Amino acid sequence: MPRITNQKTGESIEAKEGEMIRNACEELGVPFCCTNGICGTCMIDVIEGEENLSELTQNEIDMERDKKHRLACQCQIKNGDVKIEF
Ligand code: FES
């Protein structure tokens, strides 16, 4: 199963392939607010594994995010690990 890891603490959470990463990120301590890609509260830096996340959503593009700088409420995970910082 793919894993999402907090770069700072080393803590990691398993996620299912195709799952939104929101719940795992919440468990790792990422703050959320709107959960709709509007407020920018859930900004994360992707340290490794950006290729294992879904494509940028229009909301992320509108917020000038890129593959290394995502909104955690907008991403699904593919079959591979991701390391984040926030
Ligand atoms: S929680 Fe508002 S943009 Fe993700």
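List of remarks:
- Helix-only mean residue ellipticity at 222 nm for the chain, each DSSP H run of n ≥ 4 adding -39500 (n - 2.57), per residue, nearest 500: -3000 deg cm²/dmol
- Set of lysines with alpha-carbon distance to Lys78 below 17 Å, sequence-local pairs under 8 removed: Lys16, Lys67, Lys68
- Tail weight of P(r) past 19 Å, computed on alpha-carbon pairs of the chain, percent: 25
- Taken one residue at a time, the phi angles of the range 79-86 give Karplus couplings (6.51, -1.76, 1.60, θ = phi - 60°) of 8, x, 7, 9, 10, 10, 9, 8 Hz. Gly and Pro are set to x.
No lab work stands behind these numbers, since they all come straight from the coordinates. Fair warning: this is a prediction, and the values are worked out from it, not measured in the lab.
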